[in-house]
Amino acid sequence: MPTFTIRTYGDPVLRQRAAEVTDIDASLVQLVDGMVDALYAASGLAVAAPQVGVEKRLFVYDLNDEKGPQTLINPVIEESGEEPWTYDEGCLSVPGLYFTIVRPKDVLVSGLDIDGNEVRIEASELMGRMLQHEIDHLDGTLLLEHLQPAQRKAGLRILRERQVTDRRPAKGDPITIDPEGQIVDD
């Protein structure tokens, strides 16, 4: 089984639209198993294939809801609700940074599971946000594109400083940036 590391901001694979999955076979199952291992190693909620350097339209997730790891292949947002939901959103590819982002509270997503069965997921709040976030990854979009201008400027400044100093954030050292670009003290 392949071992993956999470690709981070600046890696070109994160900015490319992933290709549709055409075959669900043993190699895809191996890929999913490796992605689940990477997800747990990173202590995340979800990992999209581009985040481990694979340009395929799929992601794995585990919302710690006793269902265990799930896979969604070739997902499509069929509907988005009109009610907004504000939440401090993070990303394994932008480690240690959280941004106050508004997204639709409710979504309807369709796709395939690892067995090739069609699935439709009606999701709200955290699960809905996770689905939107991961589908963004499959489209080559990072959460940085959902930020207010001042928020984006502050986040990019921190990311550039990290690239120059090659500093990685400590696990217990998150930074939250509000829409005005201010660092929020927890």
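Quick note: the coordinates plus some simple rules give every number you see, no bench work behind them. All of these numbers come straight from a predicted model, not from anything done at the bench. In this analysis, Cβ positions are derived from the backbone assuming ideal geometry, glycine residues included, and neighbour counts consider all displayed protein chains.
The charge dipole of the chain, taken about its Cα centre with unit charges on the Cβ atoms of Lys, Arg (+1), Asp and Glu (-1) only, comes to about 960 debye. Of the peptides 10-18, 40-48, the order by per-residue mean of other Cβ atoms within 10 Å, starting with the highest, comes out as 40-48, 10-18.
When Rg and the Kirkwood Rh are both derived from Cα coordinates, the Rg/Rh ratio for region 82-165 amounts to 1.04.
Calculated mean residue ellipticity at 222 nm for the chain: -8500 deg cm²/dmol, from DSSP H runs with n ≥ 4 weighted as -39500 (n - 2.57), summed, divided by the residue count and rounded to 500.
Computed over the chain, the percent of Cα pairs more than 22 Å apart is 45. Straight Cα distances below 15 angstrom link LYS67 to the aspartates and glutamates ASP113, with same-chain residues fewer than 8 positions distant left out.
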